[in-house]
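The values are calculated or read from the model by the stated rules, or taken from the named source; none is laboratory data. Source: prediction; values computed, not measured. Please note: Cβ atoms are built from the backbone with ideal geometry, for glycine as well, and neighbour counts cover all protein chains shown.
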């Protein structure tokens, strides 16, 4: 006979029992219910582990793409606006929609947080999809560019947001390697393989921006070179500007050697 059944029989009212017997029965029933709750909770905690499951951390997210034709090795870590990013590039034989669906299924299956595709920010010409591992504070972004031959170029990026925030805090107030045009907006800073980059947008004209850098870089001791470049002591800074969607997109690069035209 189980302890629960013994407790219930001992407290059950007999024939002709007084009101006290009824009260004893109600008290016993409450005790049984509480014991059942306690036992269920204990079993649940045992399944979750010694820390009650609060310390559970899901495995690291793993990318998977079907129908890969080729891959491009991108060594090292790229610094994008102060955030360390690891990049992977692939050529895939698949439709753009199928690639996004495959990645969406992976994000959901591996427990990442993801906004619906219609609410995903799209700051570049290539459509992108982003999900977040909120336990490690790592974001995963896929950029997909379709081609006429039925293939797509897929760029996969893993950004360590937690580390990036620490880097930003340490570098707060540090000067850029080159000045920004006064009306610059949407500024992006990156660093990869010895190449530092400043990118931004402005409503100014290309002539205005180039004239600004000619003046500013000469004042900093740089010598103007062909191709909107400026050189000083083995360091080269180059300015490239293109009109996109009504605004001027400006990219300023710094390298320790001459850049390709």
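Determine if the range 93-101 includes at least one residue that is out of contact with any strand residue (DSSP E or B) (no Cβ under 7 Å at 6 or more places or on another chain), at pLDDT 90 or above and buried (at least 16 other Cβ atoms within 10 Å of the Cβ). Give the steps one after another, and end with the answer.
As a first pass, look at the range 93-101 and keep what is out of contact with any strand residue (DSSP E or B) (no Cβ under 7 Å at 6 or more places or on another chain): 95, 97-98, 101.
After this cut, where a residue has to be at pLDDT 90 or above as well, the list is 95, 97-98, 101.
When the remaining residues are screened for being buried (at least 16 other Cβ atoms within 10 Å of the Cβ), the result is none.
For the range 93-101, residues out of contact with any strand residue (DSSP E or B) (no Cβ under 7 Å at 6 or more places or on another chain), at pLDDT 90 or above and buried (at least 16 other Cβ atoms within 10 Å of the Cβ): absent.
Just give me the residues in the range 92-117 being more than 17 Å from the chain's Cα centre (by Cα) and assigned to a loop (DSSP other than H, G, I, E, B), in sequence order.
Residues satisfying the conditions are 93, 94, 95.
Does the range 250-260 contain at least one residue that is under 29 Å from the mean Cα position of the chain (by Cα), part of a loop (DSSP other than H, G, I, E, B) and exposed (fewer than 14 other Cβ atoms within 10 Å of the Cβ)? Walk me through it before giving the result.
Of the residues in the range 250-260, the ones under 29 Å from the mean Cα position of the chain (by Cα) are 250-255.
Adding the requirement that they be part of a loop (DSSP other than H, G, I, E, B) leaves none.
No: zero hits.
Pick from the range 66-91 the residues that are in contact with a helix residue (DSSP H, G or I) (Cβ under 6 Å, 6 or more places away or on another chain) and assigned to a strand (DSSP E or B): which of them is surrounded by the most Cβ atoms within 10 Å (Cβ to Cβ)?
Filtering the range 66-91 for residues in contact with a helix residue (DSSP H, G or I) (Cβ under 6 Å, 6 or more places away or on another chain) gives 82-84.
Next, only the ones that are assigned to a strand (DSSP E or B) stay: 83-84.
Numbers: 83: 21, 84: 19.
Among them, the one singled out is 83.
Just to be sure, is residue 135 in a strand (DSSP E or B) and either modelled with pLDDT under 90 or closer than 23 Å to residue 163 by Cα (or both)? Reasoning before the result, please.
On the way: in a strand (DSSP E or B): no; either modelled with pLDDT under 90 or closer than 23 Å to residue 163 by Cα (or both): yes.
No; evaluated as a whole, the condition is false for this residue.
In the range 223-242, what residues are in a loop (DSSP other than H, G, I, E, B) and closer than 14 Å to residue 256 by Cβ? Even if it seems obvious, please write down each step before you answer.
Here is the first cut: in the range 223-242, the ones in a loop (DSSP other than H, G, I, E, B) are 226-228, 233-234.
233, 234, listed by residue number.
Are any residues in the range 150-205 at pLDDT below 80 and within 30 Å of residue 69 (Cα to Cα), and if so, which ones?
Correct list: 190, 191, 192, 193, 194, 195.
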